[in-house]
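S.K.: Shown below is the structure under consideration.
The values are calculated or read from the model by the stated rules, or taken from the named source; none is laboratory data. A quick note: this is a predicted structure, and the numbers were derived from the prediction, not measured. No Cβ is skipped: glycine too gets one built from the backbone with ideal geometry, and neighbour counts run over all protein chains shown.
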Amino acid sequence: MIRTLLLAALVAGVLSHEISTYELNQGRVVGGQEAQANSWPWQVSLQYQASGSWYHTCGGSLISNRWFLTAAHCVSNSYTYRVVLGRHRLSTNEAGSVTVSVSKFVVHPQWNNNLAKGYDIALGKLSQAVTLSSKIQAANLPAAGTILANNHPCYVTGWGRLQTNGPTPDVLQQGRLLVVSYATCSSSSWWGSSVNNQMICAGGDGVISSCSGDSGGPLNCQGSSGKWEVHGVVSFGSSLGCNYYRKPSVFTRVSAFISWINQVRSRPP
């Protein structure tokens, strides 16, 4: 689902298509399955305009009727963007889905185009408020500082590639990933120093992963109350392949940025 960025011999990033300034490995949920229509109603398709047409580039998560969460590496000043909400099949103008232009992006101030350094997170503001419905809902976010336990089950969702360098799907995909603890993921036989504690690793079984085109999309996990929460933003994967063994998908950990998210959303228009 994510596009992979070549940070080093093994590190690869996330963007979803060619607008990246890096050589990225983009994809979809590899080894996953078609999601039930509108079962992840905060899922966003971030799209860019080129030669009069619109193209999916990244995922995102609606967090209010005006704001959505995505990855910093998905944002370029060179493009005009829009988001599609409430959609299952991207090629079809489904009843209840809406398309809204993006009025601005706020990229985390410490993002420096280096995925291994982190801060791969951005907020997008819609040009107008959307009406929430059964198909379009705002995601719940975790409490600040929340750390998921090793092997906690989550789902990554998106329209990224179905396999490394493979085709992209028309319908939303989902893949079940188990969280990998930071102690394990940062060990030398996993991601080593390419990850930090402001990230979440999930997967690494060599079967299911995010891939190109999934970047910016959510890692959906059930909290202690049973509610689904967006705990991660798809950031990067391995340049060796989307579903490479012991190279789990890496996500920006949302709970590390709750204060920043709230500050951005509270600013005057």
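S.K.: Could you tell me which of the residues Val100, Val106 is at pLDDT 95 or above, among the β-branched types (Val, Ile, Thr) and in contact with a helix residue (DSSP H, G or I) (Cβ under 6 Å, 6 or more places away or on another chain)?
M.R.: Values: Val100 fails: in contact with a helix residue (DSSP H, G or I) (Cβ under 6 Å, 6 or more places away or on another chain).
Selected residue: Val106, the only one of Val100, Val106 that is at pLDDT 95 or above, among the β-branched types (Val, Ile, Thr) and in contact with a helix residue (DSSP H, G or I) (Cβ under 6 Å, 6 or more places away or on another chain).
S.K.: Kindly indicate whether Ser249 is of a type outside the set (Asp, Glu) and either out of contact with any Gly (no Cβ under 7 Å at 6 or more places or on another chain) or surrounded by fewer than 22 Cβ atoms within 10 Å (Cβ to Cβ) (or both).
M.R.: Details: of a type outside the set (Asp, Glu): yes; either out of contact with any Gly (no Cβ under 7 Å at 6 or more places or on another chain) or surrounded by fewer than 22 Cβ atoms within 10 Å (Cβ to Cβ) (or both): no.
No: the conditions fail for Ser249.
S.K.: If you scan the stretch 134-155, which residues turn out to be of a type in the set (D, E, K, R) and surrounded by fewer than 16 Cβ atoms within 10 Å (Cβ to Cβ)? Can you show your working first?
M.R.: Filtering the stretch 134-155 for residues of a type in the set (D, E, K, R) gives 135.
Those that are of a type in the set (D, E, K, R) and surrounded by fewer than 16 Cβ atoms within 10 Å (Cβ to Cβ): none in the stretch 134-155.
S.K.: Any residue at all in the stretch 139-156 that's in contact with a Lys or Arg (Cβ under 9 Å, 6 or more places away or on another chain), part of a loop (DSSP other than H, G, I, E, B), polar (S, T, N, Q) and farther than 29 Å from Ser224 by Cα?
M.R.: No.
S.K.: Would it be correct to say that Ser186 is without any contact (Cβ under 8 Å) to a residue 40 or more places away in the chain and touching a helix residue (DSSP H, G or I) at 6+ places or on another chain (Cβ under 8 Å)? Spell out how you get there, then give the answer.
M.R.: Numbers: without any contact (Cβ under 8 Å) to a residue 40 or more places away in the chain: yes; touching a helix residue (DSSP H, G or I) at 6+ places or on another chain (Cβ under 8 Å): yes.
So Ser186 passes the test.
S.K.: Let me ask something additional. Considering each residue of the stretch 107-133, count those that are touching a strand residue (DSSP E or B) at 6+ places or on another chain (Cβ under 8 Å), surrounded by fewer than 19 Cβ atoms within 10 Å (Cβ to Cβ) and over 25 Å from Pro269 (Cα atoms), and give that number.
M.R.: Residues flagged as touching a strand residue (DSSP E or B) at 6+ places or on another chain (Cβ under 8 Å), surrounded by fewer than 19 Cβ atoms within 10 Å (Cβ to Cβ) and over 25 Å from Pro269 (Cα atoms) within the stretch 107-133 amount to 0.
S.K.: Continuing with the same structure: If I filter the stretch 62-78 for residues that are in contact (Cβ under 8 Å) with a residue 40 or more places away in the chain, part of a strand (DSSP E or B) and farther than 20 Å from Trp159 by Cα, do I get at least one hit?
M.R.: yes
S.K.: Which number in (1) touching a helix residue (DSSP H, G or I) at 6+ places or on another chain (Cβ under 7 Å); (2) in a loop (DSSP other than H, G, I, E, B) marks the one condition that Ser235 misses?
M.R.: (2)
S.K.: So, Val83, is that one part of a strand (DSSP E or B) and at pLDDT 95 or above or not? Walk me through how you get there before you give the answer.
M.R.: Details: part of a strand (DSSP E or B): yes; at pLDDT 95 or above: yes.
So Val83 fits the description; yes.
S.K.: Would you call Thr164 farther than 21 Å from Val254 by Cα, out of contact with any Leu (no Cβ under 8 Å at 6 or more places or on another chain) and touching a residue at least 40 places away in the same chain (Cβ under 8 Å)?
M.R.: yes
S.K.: Restricting attention to the stretch 158-203, report how many residues are at positive phi and surrounded by fewer than 20 Cβ atoms within 10 Å (Cβ to Cβ).
M.R.: The initial filter retains those residues of the stretch 158-203 that are at positive phi, namely 158, 165, 192, 203.
Adding the requirement that they be surrounded by fewer than 20 Cβ atoms within 10 Å (Cβ to Cβ) leaves 165, 192.
Residues flagged as at positive phi and surrounded by fewer than 20 Cβ atoms within 10 Å (Cβ to Cβ) within the stretch 158-203 amount to 2.
S.K.: Can you pull out the residues in the stretch 89-129 that are part of a loop (DSSP other than H, G, I, E, B) and either closer than 21 Å to Ser235 by Cα or of a type in the set (D, E, K, R) (or both)?
M.R.: The first filter runs over the stretch 89-129 and keeps only residues part of a loop (DSSP other than H, G, I, E, B), leaving 90-97, 108-114, 118-121, 127-129.
Glu94, His108, Pro109, Gln110, Trp111, Asn112, Asn113, Asn114, Gly118, Tyr119, Asp120, Ile121 - these are the residues of the stretch 89-129 that are part of a loop (DSSP other than H, G, I, E, B) and either closer than 21 Å to Ser235 by Cα or of a type in the set (D, E, K, R) (or both).
S.K.: Pairs needed: first member in the stretch 89-106, surrounded by 14 or more Cβ atoms within 10 Å (Cβ to Cβ); second member anywhere, polar (S, T, N, Q) and assigned to a strand (DSSP E or B); C-beta distance under 9 Å; at least 6 residues apart or different chains.
M.R.: Listed by first residue and then by second, the contacts come to Leu90/Ser45; Leu90/Gln47; Thr99/Gln47; Phe105/Thr70.
S.K.: So, in the stretch 212-252, of the ones that are among the charged types (D, E, K, R) and under 25 Å from Ala138 (Cβ atoms), which residue ends up nearest to the chain's Cα centre (by Cα)?
M.R.: Restricting attention to the stretch 212-252, the residues satisfying the condition of being among the charged types (D, E, K, R) are 214, 227, 229, 246-247.
From what's left, under 25 Å from Ala138 (Cβ atoms): 214, 227, 229.
Numbers: Asp214: 6, Lys227: 19, Glu229: 13 Å.
The residue in question is Asp214.
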